[in-house]
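What follows is one structure encoded as structure tokens, with my remarks underneath.
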């Protein structure tokens, strides 16, 4: 039988000691933790907080979900051919020839086993990605200080999803009083932008534009502007742009 007693509350208090108590502070530190910008002491504190506090768990999980699409931008780098020799030289002292030969044989078999496992994982990954689109469209919309504020991604169905990143830009997707936020798309060579509609007045954390209403394309510019209530009536942006970025093609499989 489980429960929360005085001991549990005390453990949570200790784990959260020294961490931000505000929602904004927690979002910023959770983002730094996921990206890897925290020092060892603060990273350990966040790890402890995740174990006892649902708000910290959600903040970290949300940032991991936000940044997951960007991991495909990292290109794999093969290790140097002498990597095992260098590792062995650092962790093991010089030994007698026979013992060293036995260790070398052990390492060879370990490498062979590791390559076999990697081969199976690669095959599984290929089968997984084969069912997905070969290419993905991703964009990061930045503000006038070049800080990322919105992450865009075209999903498997072709829908375009907007994810607000307030911890990075310091700005929540919410229009000022008496105004609206309007989304525009400008295709390559287009003479006029495409109006993608206005955002609801309440703060927006995530928004999806269905593929049946809009077809995103590579190099298309996406911008969010502040317009008069009801949106621009000219078919073009009138108010200031708060976020802008360009859709880029990212290969889903290497």
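The values are calculated or read from the model by the stated rules, or taken from the named source; none is laboratory data. Please read all numbers here as calculations on a predicted model, not as lab measurements. Methodologically, a virtual Cβ is constructed for each residue, glycine included, from the backbone with ideal geometry; neighbour enumeration extends over all protein chains shown.
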Residue among 158, 178 that is out of contact with any strand residue (DSSP E or B) (no Cβ under 7 Å at 6 or more places or on another chain), within 16 Å of residue 249 (Cα to Cα) and at pLDDT 85 or above = 158
Quick one: what pairs do we get from the range 224-241, first residue on the phi > 0 side of the Ramachandran plot and assigned by TED's automatic domain parsing to the domain that holds residue 149, second in a loop (DSSP other than H, G, I, E, B) and loosely packed, with under 13 Cβ neighbours inside 10 Å, C-beta under 8 Å, 6+ apart or different chains?
-> 235/192
Would you mind finding the one in 183, 163, 224, 209 that is in contact with a helix residue (DSSP H, G or I) (Cβ under 7 Å, 6 or more places away or on another chain) and surrounded by 14 or more Cβ atoms within 10 Å (Cβ to Cβ)?
-> 163
Per the filter on the range 193-203, residues surrounded by 11 or more Cβ atoms within 10 Å (Cβ to Cβ) and in a loop (DSSP other than H, G, I, E, B) are 193, 199, 200, 201, 203
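Condition test on residue 244, is it touching a helix residue (DSSP H, G or I) at 6+ places or on another chain (Cβ under 7 Å), within 25 Å of residue 63 (Cα to Cα) and surrounded by fewer than 20 Cβ atoms within 10 Å (Cβ to Cβ)? Spell out the reasoning first.
On the way: touching a helix residue (DSSP H, G or I) at 6+ places or on another chain (Cβ under 7 Å): no; within 25 Å of residue 63 (Cα to Cα): yes; surrounded by fewer than 20 Cβ atoms within 10 Å (Cβ to Cβ): yes.
When the stated conditions are applied, residue 244 does not pass them.
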